[in-house]
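The values are calculated or read from the model by the stated rules, or taken from the named source; none is laboratory data. Quantities reported herein were computed from a predicted structural model and do not represent experimental measurements. Counting neighbours? That spans all protein chains shown, and the Cβs are built from the backbone with ideal geometry, glycine included.
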Amino acid sequence: MRIAVLADIHGNVLALDAVLDDLRQRGGADLIVNLGDCVSGPLWPRETMERLEALALPTVRGNHDRRVARDTADEAMWPSDRYAQERLTSVQRDALLALPLTLEIAPAVTAFHARPDHDEKYLTDTMADGRLVRAPLVAIKRRLAALDPACRIVLCGHSHRSELIRIPDGPVVFNPGSIGCPAYGDDTPPAHVSEQGSPHARYGIVELGESGRPDRFEAIAVDYDHEAAARQAEQAGRPEWAHALRTGFMSG
């Protein structure tokens, strides 16, 4: 079975279309799974949501999907969430909120956005010197405590950092990176940044092994018109997003 893994689109329909086109050129997949954070961002939330509605992919709820759907539109709301919320219909917002926290997309293959029991806490990451780095193995194992012991592959997103970690006596954890948001800053204490280091749209392919064959994981980076996405962010008054989309780094 061949599974394409999408995560953290963040309203970047140009990046999403480039990924889908690249996947078609590679022969497609038996299943495409979406790991959430679909529309939040100063780009094309409505267009992205409509594209995803047409695809009808198995999808888990990200923290920004929940915030876009449920948070009150006031000054405390994060600007990217407010931008998306204002451009979605009530039906679309309800659909985001109704997404499940976890999905078993194939036998012993579990998908979720951040952790199996939480949509906003990091699984494989910790903060060091103001940026995300890999967490100690003992911490990752503890964060997976809510996972079914029979699970052998975990698909997750949230950090926007591509990771492949085999847990001793546990599952393989695969994060493909972000399709539409290659870098971000989070002021929530402790403040930190996540940086993919290039503007490429990231996604993954997992091939499940049969008859003793090992599973195969591929992290893919796709070029697309990131300059057009950056201009869209600038028009929305978000220069820091524009810089991240152009470079894969946060400014400063």
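Here are some notes:
- Filtered residues of segment 117-147 (kept if in contact (Cβ under 8 Å) with a residue 40 or more places away in the chain and surrounded by fewer than 20 Cβ atoms within 10 Å (Cβ to Cβ)): 120, 127, 130, 131
- All positions within segment 165-197 that are exposed (fewer than 15 other Cβ atoms within 10 Å of the Cβ) and either touching a residue at least 40 places away in the same chain (Cβ under 8 Å) or closer than 17 Å to residue 243 by Cβ (or both): 186, 187, 190, 191, 197
- Segment 94-114: number of residues that are under 16 Å from residue 5 (Cα atoms) and in contact with a helix residue (DSSP H, G or I) (Cβ under 8 Å, 6 or more places away or on another chain): 2
- Residue among 59, 89, 102 that is more than 16 Å from the chain's Cα centre (by Cα) and either under 29 Å from residue 231 (Cα atoms) or modelled with pLDDT of 95 or more (or both): 89
- Verdict on residue 114 being in contact (Cβ under 8 Å) with a residue 40 or more places away in the chain and not charged (D, E, K, R): yes
- Residue 84 among the small types (Gly, Ala, Ser) and modelled with pLDDT under 95: no
- Within segment 198-226, the residues that satisfy the criterion of being more than 18 Å from residue 30 (Cα to Cα), touching a residue at least 12 places away in the same chain (Cβ under 8 Å) and part of a loop (DSSP other than H, G, I, E, B) are 198, 199, 200, 223, 224, 225.
- Considering (1) free of Cβ contacts under 8 Å to residues at least 40 places away in the same chain; (2) crowded, with 19+ Cβ neighbours inside 10 Å, the lone condition that residue 66 does not fulfil carries the number (1).
- Test: residue in segment 39-52 that is modelled with pLDDT of 95 or more, small (Gly, Ala, Ser), in contact with a strand residue (DSSP E or B) (Cβ under 8 Å, 6 or more places away or on another chain) and within 25 Å of residue 205 (Cβ to Cβ): no
- Subset tally (residues that are more than 18 Å from residue 64 (Cβ to Cβ), in contact with an Asp or Glu (Cβ under 9 Å, 6 or more places away or on another chain) and charged (D, E, K, R)) for segment 172-222: 5
- Qualifying positions in segment 25-58 - of a type in the set (Asp, Glu), crowded, with 16+ Cβ neighbours inside 10 Å and outside any helix (DSSP H, G or I): 37
- Looking only at segment 4-24, and only at residues there that are outside any helix (DSSP H, G or I) and at negative phi, the one that is surrounded by the most Cβ atoms within 10 Å (Cβ to Cβ): 9
- In segment 66-158, counting only strands (runs of 3 or more DSSP E) that sit wholly within it, the ones holding 3 or more residues that are under 23 Å from residue 202 (Cα atoms) and either of a type in the set (Lys, Arg) or touching a Pro at 6+ places or on another chain (Cβ under 9 Å) (or both) span 102-106, 109-112, 153-155.
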